[in-house]
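The values are calculated or read from the model by the stated rules, or taken from the named source; none is laboratory data. Just so it is clear, the structure is predicted and the values come from calculations on it, not from any experiment. Cβ sites come from the backbone with ideal geometry, for glycine too, and all protein chains shown count toward neighbours. Areas reflect the complete protein model, heavy atoms only, side chains present, ligands, DNA and RNA absent. Shrake-Rupley method; radii C 1.70, N 1.55, O 1.52, S 1.80 Å.
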Amino acid sequence: MTDTDTTNAQGIPEPDGHHHPIETEYDIGQHNVEGSVGPFGFDIHNPVFMVSGLTVAAFVFFTLALPDQAGAVFNALFTFVTGTFDWFFLSVGNIVVLFCLALIVLPVGSVRLGGADATPDYGYVGWFAMLFAAGMGIGLMFYGVAEPTGHFSAALDGVTTGEDGLRTDWAPLGGAAGNEAEAVRLGMAATIYHWGLHPWAIYAVVALALALFSYNKGLPLTIRSAFYPILGERIWGWPGHVIDILAVFATLFGLATSLGFGATQAANGLTLLYGSGVAEEGTRTFLGMPFGNTEDSGVVDSGALLVLLIAVITLVALISVLRGLDGGVKRLSELNMALAVILLVFVLLAGATMDVIGGFFSALLAYGEYLPALSNPFGREDTNFVQGWTSFYWAWWISWSPFVGMFIARVSRGRTVREFITCVLLIPSLVCVLWMAVFGGTAIQQYLGNGFEGVINAPLELKLFEMLGQLPLASITSLVGIVLVIVFFVTSSDSGSLVIDTITAGGKIDAPVPQRVFWCTFEGAVAMVLLLSAGGLASLQSMVISTGLPFAVVLLALCVCISMGLKTERAAIRAAAPAE
């Protein structure tokens with residue numbers, strides 16, 4: 001039998017028009033366990049939910065019980081993975097970019113997701129808002145100023161080496177010692193490299209695989225479904241279970257990392273705006289909780305503020321979960337898009353407008369010029385940059401890809417492959433370039449034009465607020481920045497719980513809401529534990545790169561599966577054409 005009849009009953013729309021379904025005896029949810037605990041129902045995929053949930057619970061217990069040992073393990077993992085597999089992460093990123101660009105120009109780009117007669121569920125504005133908010137939100141707020149200024153400063157300082165002859169600097173490539181203009185170009189090129197085509201190609205591959213094999217082939221909306229061309233019916237057994245469990249781990253830790261960045265930045269912003277005391281003296285507090293004090297002061301920041309922030313924002317995310325996709329994530333995403341555009345336009349007009357506009361086009365040209373060298377995975381001497389920046393970013397994007405990919409797939413039915421890849425790959429990349437050029441470019445111009453070194457010298461989480469502090473209406477725009485971080489936090493947590501719940505419910509997209517509440521709460525708990533018990537953000541980075549490594553292999557396999565699936569889909573459409 002074909003699975004399209006049952007998928008329609010489980011909440012996945014039946015394909016419209018000509019398509020090539022996969023015939024299987026598997027019914028969505030046939031391995032699920034259904035029941036209720038009091039008034040709360042559950043419908044879970046037994047191996048995937050139980051293994052994922054118990055493993056994460058054991059991880060949280062280990063981290064809380066042995067924080068020092070856990071921190072040492074996390075640091076060792078980060079050093080080993082980035083130092084050993086940096087070439088692999090860079091190679092995977094290059095392959096998926098070339099694969100996506102090929103799909104735009106090849107004939108299979110005409111295949112429509114959801115069947116030949118399917119129509120889009122969302123207009124362009126709502127679609128762009130949702131994929132952008134889910135895909136980059138917190139990261140752009142955290143790194144929008146920090147990364148361009150960081151690469152610029154490192155490039156300007158040039159190359160330094162230790163006694164062993166190895167480089168100790170963080171400059172990309174060979175740096176640009178003493179050359180301010182070239183340091184700006186190289187810094188922006190390195191930033192765009194991390195936020196442009198490569199991350200969005202990673203998202204696009206996972207999203208396309210999910211959409212194609214669910215909406216066109218009639219299989220469950222889980223990662224394992226895309227492996228049917230390779231594994232066949234074995235995807236319903238342990239090979240498929242392992243794939244979905246890896247997706248859950250990658251998504252959970254990728255989200256926890258982003259939530260950690262967001263909470264840290266929001267806490268520092270709130271303390272800077274509304275706190276009291278002097279950071280250098282160790283007296284700065286917010287609501288009576290010490291936070292935002294300098295290292296030299298000897299005062300350790302209180303973890304209570306981070307716990308309070310994550311708890312409150314997770315509660316808001318739970319409310320969004322209960323309101324559903326259209327009433328929750330969609331409206332919050334559109335609100336965030338509006339606030340982000342307002343803040344972007346304000347910074348552009350209030351800062352060095354013409355310099356920033358010129359810098360946008362200059363950055364694009366620099367990106368094209370430096371891209372071959374930046375994406376080269378072999379023989380690099382800038383190991384700090386490659387391992388500390390690029391390898392971490394690629395692992396982060398890969399770990400986010402099940403989450404962002406499934407969310408994009410959920411809202412992209414009715415698009416052709418060519419339209420889908422073009423919009424998901426190119427348009428958000430240009431938006432990211434514009435964001436970095438405006439925020440990072442403004443901060444760099446404050447240094448070059450006014451000699452203001454506050455942004456350059458500030459901690460990562462405060463660089464945005466230091467830049468805004470040099471513009472008019474600083475208190476208002478900084479508050480808007482904090483609101484953006486928080487709402488991006490909410491949309492990411494809400495969307496992530498939706499995705500993890502779909503995977504652990506065996507592909508059902510209409511599973512009981514309490515399951516999404518469970519995963520939403522779990523995401524916040526993991527972020528709290530890693531932030532407070534085992535080394536803070538460094539531990540989050542260690543876990544995301546460790547879970548991103550195995551999923552990078554999954555990503556390469558998905559490229560093969562997509563090629564096979566699109567080939568049969570196009571053949572079915574062409575075979576049906578003469579009969580019409």
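Considering the range 257-292, the residues that are part of a loop (DSSP other than H, G, I, E, B) and open to solvent by less than 20 Å² (accessible area, probe 1.4 Å) include one that is farthest from residue 145 (Cα to Cα), namely 282.
This table checks each residue for (1) within 30 Å of residue 102 (Cβ to Cβ); (2) open to solvent by less than 10 Å² (accessible area, probe 1.4 Å); (3) in contact with a Gly (Cβ under 6 Å, 6 or more places away or on another chain).
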| residue | (1), (2), (3) |
| --- | --- |
| 164 | no, no, no |
| 171 | no, yes, no |
| 177 | no, no, yes |
| 182 | no, no, no |
| 190 | yes, yes, no |
| 197 | yes, no, no |
| 206 | yes, yes, yes |
| 216 | yes, yes, no |
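Residue 155 meets the stated requirement of being touching a helix residue (DSSP H, G or I) at 6+ places or on another chain (Cβ under 6 Å) and without any contact (Cβ under 8 Å) to a residue 60 or more places away in the chain.
Just checking, which of 461, 419 is within 30 Å of residue 116 (Cα to Cα), part of a helix (DSSP H, G or I) and out of contact with any Gly (no Cβ under 6 Å at 6 or more places or on another chain)? Being within 30 Å of residue 116 (Cα to Cα), part of a helix (DSSP H, G or I) and out of contact with any Gly (no Cβ under 6 Å at 6 or more places or on another chain) holds for just one of 461, 419, which is 419. For residues that are open to solvent by 10 Å² or more (accessible area, probe 1.4 Å) and touching a residue at least 40 places away in the same chain (Cβ under 8 Å), scanning just the range 218-233, find the one that is farthest from the chain's Cα centre (by Cα). So the residue we want is 233.
Cβ-Cβ contacts under 9 Å between residues 6 or more apart (or on different chains), taken from a first residue in the range 363-381 that is of a type in the set (D, E, K, R) to a second residue that is open to solvent by 80 Å² or more (accessible area, probe 1.4 Å) and assigned to a helix (DSSP H, G or I), are listed as 380/87. Considering every residue within the range 195-214, establish whether at least one is touching a Cys at 6+ places or on another chain (Cβ under 9 Å), in a helix (DSSP H, G or I) and at pLDDT below 90. No, every residue in the range 195-214 fails to be touching a Cys at 6+ places or on another chain (Cβ under 9 Å), in a helix (DSSP H, G or I) and at pLDDT below 90.
Inspection of the range 235-245 identifies no residue that is over 28 Å from residue 497 (Cα atoms) and modelled with pLDDT of 85 or more. Listed by first and then second residue, the pairs with beta-carbon distance under 6 Å, at least 6 apart or on different chains, first residue in the range 234-254 and of a type in the set (D, E, K, R), second modelled with pLDDT of 90 or more and not in a helix (DSSP H, G or I), form an empty list. Criterion applied to 244, 301 was being open to solvent by 20 Å² or more (accessible area, probe 1.4 Å), acidic (Asp, Glu) and under 30 Å from the mean Cα position of the chain (by Cα), and the one residue passing it is 301.
For the range 491-510, the candidate set comprises residues that are in contact with a Gly (Cβ under 9 Å, 6 or more places away or on another chain) and of a type in the set (A, V, I, L, M, F, W, C); within that set, the residue that is modelled with the lowest pLDDT is 509.
Per the conditions (1) part of a helix (DSSP H, G or I); (2) farther than 29 Å from residue 421 by Cβ, the sole criterion not satisfied by residue 493 is (2). Of the set (1) of a type outside the set (Val, Ile, Thr); (2) in contact with a Gly (Cβ under 9 Å, 6 or more places away or on another chain); (3) more than 25 Å from residue 243 (Cα to Cα); (4) modelled with pLDDT of 85 or more, all apply to residue 472 but (2). Is it true that residue 193 is over 30 Å from residue 159 (Cα atoms) and touching a residue at least 24 places away in the same chain (Cβ under 8 Å)? No.
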